[in-house]
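Below you'll find the structure, written out as structure tokens, and then a few comments.
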Amino acid sequence: MLNNHAKLERNAIGFVIAIILVGSIGGLVEIAPLFTIDDTVEDAPDMRLYTPLELAGRNIYIREGCYACHSQMVRTLRDEVERYGPYSLAVESKYDHPMLWGSKRTGPDLARIGNKYSDQWHTAHLINPRDVVPESVMPRYAWLMRSELQYDDMDLHLKAMRNVGVPYTNEMIENAVADTLRQATPDANNAFDVFERYGDETNLRYFDGDRRAVTEMDALVAYLQILGRLTDAAGAMPQETAKISDEEPGQ
């Protein structure tokens, strides 16, 4: 066997062919499932889009590296389902670019965090995590309360998302800047227009409790409060058909 390997290494053309062959096998394993993706991804007719404010909050979540310590994927393990709720479905990340499933959990999974806690809890937690979770090792994000949200280019963000397949309409894009302000300022003129574009389940309120300005805290809390609530596909799945494993992978 060693002699055969040595001969292959000395044969440049044969070695290149072998590399291409091995690489092709790996590529085929990754690419082939994509041809059946329409049959494997669940259907969610009630799926709604991120509002401009929630999308801005998601950008902040990515910017601050929250995904490095928090996953957004409940696995099909009984203890995870009992702790976090229904296991995650592929369709729930349909409009996530990039997806934030993650794998490391220094902090808990956030896939079902939406509306689990109040806005006040999230704000206090982000300002100083140890005020609400004494054993927390999470850093403080108090400056988000003092940092006004820059949202004058949210129409461009929605256009970028549409370019990768998120079905934002022209009306949504044209009103993106105004809708960012409206969602975090329910007393603003035409604030309820947000419901017409994004649905009656849209959260419309002063997320950080401060009425003086729309802050990055408003945006991040708005995003956290919608996680797991873009569709009820997972919650509507009949539990008797859900395949939940009692074992960790590899056991």
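The values are calculated or read from the model by the stated rules, or taken from the named source; none is laboratory data. Just so you know, these numbers come straight off a predicted model, no measurement behind them. All Cβ positions, glycine included, derive from the backbone under ideal geometry; neighbour counts span all protein chains shown.
From the list Glu240, Glu248, exactly one residue is outside any loop (DSSP other than H, G, I, E, B), out of contact with any Cys (no Cβ under 7 Å at 6 or more places or on another chain), at pLDDT below 95 and loosely packed, with under 14 Cβ neighbours inside 10 Å. Which is it?
The conditions single out Glu240.
Out of Glu82, Glu54, I need the residue that is surrounded by 15 or more Cβ atoms within 10 Å (Cβ to Cβ) and of a type in the set (D, E, K, R). Which one?
Working: Glu82 fails: surrounded by 15 or more Cβ atoms within 10 Å (Cβ to Cβ).
Answer to the selection: Glu54.
Based on this model, can you work out whether Arg130 counts as of a type in the set (Lys, Arg) and either closer than 21 Å to Asp232 by Cα or free of Cβ contacts under 8 Å to residues at least 24 places away in the same chain (or both)?
On the way: of a type in the set (Lys, Arg): yes; either closer than 21 Å to Asp232 by Cα or free of Cβ contacts under 8 Å to residues at least 24 places away in the same chain (or both): yes.
So Arg130 passes the test.
So which residues in segment 134-167 are of a type in the set (A, V, I, L, M, F, W, C) and surrounded by 15 or more Cβ atoms within 10 Å (Cβ to Cβ)?
Hits for segment 134-167 are Met138, Leu144, Met145, Leu149, Met154, Leu158, Met161, Val166.
Looking for whichever is free of Cβ contacts under 8 Å to residues at least 60 places away in the same chain, in a loop (DSSP other than H, G, I, E, B) and under 19 Å from Gln225 (Cβ atoms) here; the options are Lys104, Lys116. Which one fits?
Details: Lys104 fails: under 19 Å from Gln225 (Cβ atoms).
The conditions single out Lys116.
Take the conditions under 17 Å from Val166 (Cα atoms), under 12 Å from the mean Cα position of the chain (by Cα) and not aliphatic (A, V, I, L, M) and apply them to Tyr50. Does it pass? Before you say what the answer is, go through the steps one by one.
Working: under 17 Å from Val166 (Cα atoms): yes; under 12 Å from the mean Cα position of the chain (by Cα): yes; not aliphatic (A, V, I, L, M): yes.
In short, yes.
Residues are listed down the side, and each one gets a yes or a no for (1) in the same structural domain as Ala56 (by TED's automatic domain parsing); (2) out of contact with any strand residue (DSSP E or B) (no Cβ under 6 Å at 6 or more places or on another chain); (3) among the acidic types (Asp, Glu); (4) under 17 Å from Tyr50 (Cβ atoms):
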{"position": "Ser118", "(1), (2), (3), (4)": "yes, yes, no, no"}
{"position": "Tyr151", "(1), (2), (3), (4)": "yes, yes, no, yes"}
{"position": "Val164", "(1), (2), (3), (4)": "yes, yes, no, yes"}
{"position": "Asp179", "(1), (2), (3), (4)": "yes, yes, yes, yes"}
{"position": "Val194", "(1), (2), (3), (4)": "yes, yes, no, yes"}
{"position": "Arg212", "(1), (2), (3), (4)": "yes, yes, no, no"}
{"position": "Asp218", "(1), (2), (3), (4)": "yes, yes, yes, yes"}
{"position": "Val221", "(1), (2), (3), (4)": "yes, yes, no, yes"}
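Condition test on Arg211, is it touching a residue at least 40 places away in the same chain (Cβ under 8 Å), over 30 Å from Thr76 (Cβ atoms) and out of contact with any helix residue (DSSP H, G or I) (no Cβ under 7 Å at 6 or more places or on another chain)? Spell out how you get there, then give the answer.
Values: touching a residue at least 40 places away in the same chain (Cβ under 8 Å): no; over 30 Å from Thr76 (Cβ atoms): yes; out of contact with any helix residue (DSSP H, G or I) (no Cβ under 7 Å at 6 or more places or on another chain): yes.
Spelling it out, it is not the case that Arg211 is touching a residue at least 40 places away in the same chain (Cβ under 8 Å), over 30 Å from Thr76 (Cβ atoms) and out of contact with any helix residue (DSSP H, G or I) (no Cβ under 7 Å at 6 or more places or on another chain).
Could you please tell me which pairs satisfy a Cβ distance under 8 Å, a separation of 6+ or placement on different chains, a first residue in segment 16-39 that is not assigned by TED's automatic domain parsing to the domain that holds Leu89 and in a helix (DSSP H, G or I), and a second residue that is at pLDDT below 85 and aliphatic (A, V, I, L, M)?
Between residues of segment 16-39 that are not assigned by TED's automatic domain parsing to the domain that holds Leu89 and in a helix (DSSP H, G or I) and residues that are at pLDDT below 85 and aliphatic (A, V, I, L, M), the close pairs are Ala18/Leu8.
Condition first: at pLDDT 80 or above and surrounded by 10 or more Cβ atoms within 10 Å (Cβ to Cβ). Now tell me which residues in segment 1-18 satisfy that.
Val16, Ile17, Ala18
If we scan segment 112-122, do we find a residue that is of a type in the set (A, V, I, L, M, F, W, C), surrounded by 14 or more Cβ atoms within 10 Å (Cβ to Cβ) and either within 11 Å of the chain's Cα centre (by Cα) or within 30 Å of Asp43 (Cβ to Cβ) (or both)?
yes
Can you tell me which residue in segment 173-188 is surrounded by the most Cβ atoms within 10 Å (Cβ to Cβ), limited to those that are closer than 12 Å to Asp218 by Cα and of a type in the set (A, V, I, L, M, F, W, C)?
Applying the filter and picking the extreme gives Ala184.
I want to confirm something. Restricting to segment 189-216 and keeping residues that are crowded, with 20+ Cβ neighbours inside 10 Å and among the charged types (D, E, K, R), which single residue is nearest to the chain's Cα centre (by Cα)?
Ranking the qualifying residues of segment 189-216, first place goes to Glu216.
Just checking, does segment 78-97 include any residue being more than 21 Å from Tyr198 (Cα to Cα), in a loop (DSSP other than H, G, I, E, B) and among the hydroxyl-bearing types (Ser, Thr, Tyr)? Working first, answer last.
The first filter runs over segment 78-97 and keeps only residues more than 21 Å from Tyr198 (Cα to Cα), leaving 78-90.
If we keep only those that are in a loop (DSSP other than H, G, I, E, B) too, we end up with 85-89.
After this cut, where a residue has to be among the hydroxyl-bearing types (Ser, Thr, Tyr) as well, the list is 87-88.
There is at least one residue in segment 78-97 that is more than 21 Å from Tyr198 (Cα to Cα), in a loop (DSSP other than H, G, I, E, B) and among the hydroxyl-bearing types (Ser, Thr, Tyr).
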